[in-house]
Structure formats: structure tokens, C-alpha cells
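Below is one structure, written out as C-alpha cells, with a few remarks after it.
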């Protein structure tokens with residue numbers, strides 16, 4: 001829990017931040033009222049559009065390792081079976097729940113910690129069992145996995161979803177440019193009010 005002094009320090013930092021924000025708002029409001037062209041030029045230089053389409057195109061590629069897996073299916077299957085067997089043996093026989101509860105008891109409530117450990121053990125055992133079956137199939141009969149693998153590896157492109165996001169939105173800038181003085185007066189009044197409010201709170 002946060003002590004009273006830490007809370008007071010955090011509130012004071014927030015007030016100082018809002019005080020400087022109010023000062024910047026006053027400056028910006030005055031510029032919008034008396035020099036709107038300066039704000040528009042600053043906005044154009046600061047609002048350079050950087051498209052993420054080339055990054056999305058690089059990420060939206062399917063990487064297939066199935067050929068390598070089926071070419072080395074015995075070695076891969078043995079490794080998966082060995083790893084799954086270790087997980088099953090460790091969490092099924094070697095995992096000391098009482099020791100872990102005692103070791104981690106001071107960090108989390110006992111009931112929550114017991115539930116998390118039970119979920120960890122159950123999830124590990126289920127994952128180990130699935131991995132063991134898949135490893136055995138991959139080791140001994142890899143052809144039986146092809147149907148499931150084709151169904152699971154259907155490629156869903158994210159290009160259509162990211163195309164909607166990769167569009168500039170300058171409606172606010174155009175609105176401020178059309179109503180520069182009105183927005184400036186509103187910003188100036190609100191910033192002056194915030195400035196005096198934070199100044200009185202700090203003093």
C-alpha cells in the first residue's frame with residue numbers, strides 16, 4: 001500500500017505537471033487568437049504522416065516450417081516426446097506444492113496462490129499430454145497430422161484490418177484551423193482557470 005507521504009508526493013507531481021500544461025495552454029491559446037498562421041505552420045511540420053503499410057506488409061507474411069518438420073519428423077518427434085515426458089513427470093510426481101506454497105506465501109494471499117499453483121499444474125499436465133500425443137504421431141505416423149495441420153494453418157491476412165487504421169485523420173486540425181480564434185479563447189480561459197486552480201493548490 002502507498003503511504004500518505006508517497007500519495008502526497010504523487011498528487012504534488014500531478015499538480016506541477018498540470019500547472020506547466022496550463023502555461024502551455026495559455027501560450028497556445030494566445031497564438032491561436034493573435035497568430036493562427038504560426039500554429040498552422042507548426043501543426044503541418046509536427047503532423048508528418050508516417051505510413052505503417054510497409055511494416056504491415058512485412059509482418060503479413062506466412063512462414064512455413066512444415067516441410068522442415070516433416071523432413072526431420074523423427075528427431076523433432078523424439079525431442080517433443082522427451083520434453084512432454086519431463087513435464088508430465090515433474091508436475092505429476094516431483095512438483096512439491098506444499099513447499100511452493102510456503103516459499104511464495106508472503107507475496108500473495110494463500111487462497112489465490114493455491115489456485116494459481118493448481119491452475120499451473122493442471123495446465124502443464126494437459127499441455128504435456130497433448131504434446132506427448134502430438135510428438136508420438138510426429139515421430140511414428142506424421143501423415144496422421146497432415147489433416148489437422150492443414151485445418152489449423154489456414155492463413156488469415158490482417159491487411160484488410162490494418163488498411164483501415166493506416167489512414168490519416170486530420171479532422172481536429174481542420175476544425176481548429178477554421179475556428180482558430182474561438183478555439184483559442186476557449187483554450188485560454190480553460191488554461192487560466194487550471195493555472196490558478198493548481199497554483200492555489202500548491203501554495
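FYI, it's all coordinate maths here, none of it is from the lab. Source: prediction; values computed, not measured. Methodologically, a virtual Cβ is constructed for each residue, glycine included, from the backbone with ideal geometry; neighbour enumeration extends over all protein chains shown.
Sorted ascending by nearby beta carbons within 10 Å, beginning with the fewest, 99, 86 become 99, 86.
Given the C-alpha atoms of segment 81-143, compute the convex hull and give its volume per residue in Å³.
Values: hull volume 4.5 nm³, N = 63.
Measuring per residue, one finds 72 Å³ for the Cα hull of segment 81-143.
Ranking of 176, 89 by neighbouring Cβ atoms within 10 Å, starting from the fewest: 89, 176. Neighbour counts of other Cβ atoms within 10 Å put 193, 90 in the fewest-to-most order 193, 90.
Between residue 102 and residue 17, the C-beta separation translates, for a Förster distance of 35 Å, into a calculated FRET efficiency of about 0.20. With the simple spin-label model, which puts each label point 7 Å out from Cα in the Cβ direction, the residue 185 to residue 201 separation comes to 2.8 nm.
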